[in-house]
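I have placed the structure first, in the form of structure tokens, so that the comments after it can refer back to it.
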Amino acid sequence: MRAGVSPAQPWLSTFHSLCARLLRREAAAAGLPRDFAIYDDDDQLAAVKLAMTKLQIEDDSLTPRNVLSRISYAKNHGQTAEQLRAQAFDQDGRRTADISGRTKNSCYDSKALDFDDLLLRSARLLRESTATREKWQAGFQYIHVDEYQDTNRVQYDLMRLLTGPKQNLCVVGARSIDLPLARPQTFPSS
């Protein structure tokens, strides 16, 4: 039984729900409290505004919503605040990186993760902990991803980490994206 669901029954989940479940069950291995909070969009925006206030950033061209969007984009591409800063080519980029670092610290102090962090922390845990990765890989015989065209780099990494050596992955999407699958599969003729 997995989460009260018979192995014969499919387990339907969003990436974020799966990651929240994984991190709560593997909280000790992930270095998190089991009762961590999950920041929604309003919480994230409040954290960005607080960080901007603490950093004394008052610039009409750098709105909290814009900063949050930039931070989320970076996280969805697997970038840390440090990488974001290293790749910044202007003052707004450096400020965004500084705000990202502050919001990360704020989340840590509040024992909270935002939606992007759910994905990042899960991927990192599965990459770094062989025991955790193998345990979760054993729980899935097949993985099916709908709306594949909407997956980001971190979600792709999660799929790859969860499928493991079996690579029993089926994706459905409206258009192709530039993320290679492991190898083309051939099926025997009937």
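The values are calculated or read from the model by the stated rules, or taken from the named source; none is laboratory data. On a predicted model such as this, the values are computed, not experimentally measured, just so you know. Methodologically, a virtual Cβ is constructed for each residue, glycine included, from the backbone with ideal geometry; neighbour enumeration extends over all protein chains shown. Side chains included, ligands, DNA and RNA excluded: accessible areas come from the protein's heavy atoms. Shrake-Rupley method; radii C 1.70, N 1.55, O 1.52, S 1.80 Å.
Of I99, A112, S129, which is farthest along the charge dipole of segment 92-155 in the positive direction, counting Lys and Arg as +1 and Asp and Glu as -1 at C-beta?
Toward the positive end, the furthest listed residue is S129.
Tell me which residues come under 5 Å, amide H to amide H, from V171 once H is placed; ignore anything under 5 positions away on its chain.
So V171 has HN proximity to V145.
For A112, list long-range residues whose amide hydrogen, built 1.01 Å from N in the peptide plane, is under 5 Å from its own amide hydrogen.
HN-HN under 5 Å from A112: A37.
How big is the charge dipole of the chain about its Cα centre, in debye rounded to the nearest 20, if each Lys and Arg gets +1 on its Cβ and each Asp and Glu gets -1 on its Cβ? Present the calculation step by step, with values, prior to reporting the outcome.
Numbers: 26 positive and 24 negative charges, 166 e Å.
It works out to roughly 800 debye.
What size of dipole, in debye to the nearest 20, comes out for segment 14-54 about its Cα centre when the only charges are +1 on Lys and Arg C-beta atoms and -1 on Asp and Glu C-beta atoms?
180 debye
For the chain, what is the mean residue ellipticity at 222 nm derived from helices alone (per DSSP H run of n ≥ 4: -39500 (n - 2.57); sum divided by total residues; nearest 500 deg cm²/dmol)?
-16000 deg cm²/dmol
Would you work out the relative contact order for segment 122-164, in percent, from Cα pairs under 8 angstrom that are 6 or more residues apart?
On the way: 27 pairs, mean separation 24.5, N = 43.
Once normalised by length, the contact order is 57 percent.
When only the heavy atoms of the protein chains count and the probe is 1.4 Å, how do Y148, Y108 rank by accessible area, highest first?
Heavy-atom accessible area, descending, gives Y108, Y148.
Could you work out how much longer the chain between Q141 and D59 gets when fully extended? Use 0.36 nm per residue separation minus the Cα distance between them, nm to one decimal.
That pair, Q141 and D59, stretches by 24.4 nm at full extension.
Taking the structure as given and computing Cα extents along the principal axes in Å, which label from [x] 140, 68, 33; [y] 66, 36, 26; [z] 113, 28, 19 fits?
[y]
Compare the Cα positions of P64, V171, Q9 along the charge dipole of the chain (+1 at Cβ of Lys, Arg; -1 at Cβ of Asp, Glu; about the Cα centre) and return the one farthest towards the positive end.
Looking along the dipole axis, the top candidate is Q9.
Quick one: how many lysine pairs does the chain have with C-alpha atoms less than 27 Å apart and a gap of 8 or more or different chains? Give me the count, please.
11
For R85, what accessible surface area do you get with a 1.4 Å probe? Give it in Å², rounded to 10.
Here the residue's solvent-accessible area equals roughly 100 Å².
When only C-alpha pairs under 8 Å and at least 6 residues apart count, what is the relative contact order of the chain, in percent?
So the answer I get is 21 percent.
Taking the Cα-to-Cβ direction at Q83 and at K111 and moving 7 Å from each Cα, how far apart do the two end points lie in nm?
Distance between label points: 2.9 nm.
At 1.4 Å probe size, what's the solvent-accessible area of D35? Round to the nearest 10 Å².
Solvent-accessible area, nearest 10 Å²: 120 Å².
Run the paramagnetic zone check for D35: 7 angstrom along Cα to Cβ, then residues of segment 94-122 with backbone nitrogen under 20 Å.
Taking a point 7 Å out along Cα→Cβ of D35, the residues of segment 94-122 whose backbone N falls under 20 Å are 107-114.
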